[in-house]
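To start, the structure under review is shown below, and the notes come after it.
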Amino acid sequence: MTDPAYFDGIIKVLFVCVIITSAYIITTRNLISLVRVYALQSLALVVTALSLAWYESDSVLLAIAIITLVFKVFLIPYFIATIQERIRIKRDIDFHFLSPTSSLLISLALMIVVYIMLSRIFPDTMVKGSLFFFGAVIGISLVLMGMMVTFSRKRAITKVLGYLSMENGVLLFGLFATELPFIIEFLIIIDLVILIILTTILTVGIDSTLEEYHNRLHRFYLWEEQEDSS
């Protein structure tokens, strides 16, 4: 039987990793680094789900961990990195309303507000010190931080990473605060894949003329076979 104190320590270390990756996603301008940090954040959630599955002997948590590993750690980051490389956008320099420093400060303030609000909802001292409480606080904070990325960045590809970070927050909240059925997580993954496909189209052609859009499609080799046949 695993020592509960040892298990709590592991989960809290993973919580710290999630917070650090969230702060990096908010402040960094390098898109390659953003994709890698998102994959690391997702990996931290995978380890969290595996730890919970091992501690509670829950097969549903194990399945969620596997799905998250396949899609969020490997497939989705690889797909976004490939798109980023082909459209040749390496940095997202411009912010809409907030600078990286102010975004980080507001994120810390939001986390404190979430902690205070949940402390009032759950006044019990034992609940405040539990993994349930910290998981709920960090999960909601991660959703708000991802939302901030979505609204403060200009590049569509960066907005997608903010949305994906929001979904990680939903997953983290579901692991500790609610029962998240496997089918719901699977449907969320499908929604994310559809979102990325749509964003690929928008990223390539939303700011171009028809001629520029056709030229950009050459980078994805979508029209090569038709021109060869003609």
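The values are calculated or read from the model by the stated rules, or taken from the named source; none is laboratory data. Note that this is a predicted model, so its numbers are computed, not measured. Note that we place each Cβ from the backbone using ideal geometry, even for glycine, and neighbour counts take in every protein chain shown. Ligands, DNA and RNA are stripped out before the accessible areas are found, and what is left, the full protein with its side chains, is counted by its heavy atoms. Shrake-Rupley method; radii C 1.70, N 1.55, O 1.52, S 1.80 Å.
Any residue in the stretch 116-126 that is more than 22 Å from residue 38 (Cβ to Cβ), at pLDDT 90 or above, assigned to a helix (DSSP H, G or I) and open to solvent by 70 Å² or more (accessible area, probe 1.4 Å)?
Looking through the stretch 116-126, at least one residue is more than 22 Å from residue 38 (Cβ to Cβ), at pLDDT 90 or above, assigned to a helix (DSSP H, G or I) and open to solvent by 70 Å² or more (accessible area, probe 1.4 Å).
Check the stretch 138-153 and report whether any residue there is open to solvent by 60 Å² or more (accessible area, probe 1.4 Å), modelled with pLDDT of 65 or more and in a helix (DSSP H, G or I).
Checked against the condition, which is being open to solvent by 60 Å² or more (accessible area, probe 1.4 Å), modelled with pLDDT of 65 or more and in a helix (DSSP H, G or I), the stretch 138-153 yields at least one hit.
From the list 70, 35, 60, 113, which one is part of a helix (DSSP H, G or I) and open to solvent by less than 30 Å² (accessible area, probe 1.4 Å)?
Within the list 70, 35, 60, 113, the selection yields 35.
Does the stretch 82-91 contain any residue that is of a type in the set (D, E, K, R) and in contact with a strand residue (DSSP E or B) (Cβ under 9 Å, 6 or more places away or on another chain)?
Looking for residues that are of a type in the set (D, E, K, R) and in contact with a strand residue (DSSP E or B) (Cβ under 9 Å, 6 or more places away or on another chain), one finds at least one in the stretch 82-91, hence yes.
Considering only the stretch 127-137, how many residues are open to solvent by less than 50 Å² (accessible area, probe 1.4 Å) and without any contact (Cβ under 8 Å) to a residue 40 or more places away in the chain?
Count: 5.
Filter the stretch 48-57 down to the residues that are open to solvent by 60 Å² or more (accessible area, probe 1.4 Å) and in a helix (DSSP H, G or I), then identify the one that is farthest from residue 14 (Cα to Cα).
Once the filter is applied, the top-ranked residue is 56.
Collect the residues in the stretch 154-177 that are of a type outside the set (A, V, I, L, M, F, W, C) and open to solvent by less than 10 Å² (accessible area, probe 1.4 Å), keeping them in residue-number order.
Scanning the stretch 154-177 gives 158, 162, 165, 168, 169, 174.
So residue 78 clears everything in (1) part of a helix (DSSP H, G or I); (2) farther than 15 Å from residue 193 by Cβ; (3) of a type outside the set (Asp, Glu); (4) open to solvent by 80 Å² or more (accessible area, probe 1.4 Å) except one condition, right? Which one?
Of the numbered conditions (1) part of a helix (DSSP H, G or I); (2) farther than 15 Å from residue 193 by Cβ; (3) of a type outside the set (Asp, Glu); (4) open to solvent by 80 Å² or more (accessible area, probe 1.4 Å), the odd one out for residue 78 is (2).
Determine which member of the set 10, 19, 25 is within 26 Å of residue 87 (Cβ to Cβ), among the aliphatic types (A, V, I, L, M) and in a helix (DSSP H, G or I).
25
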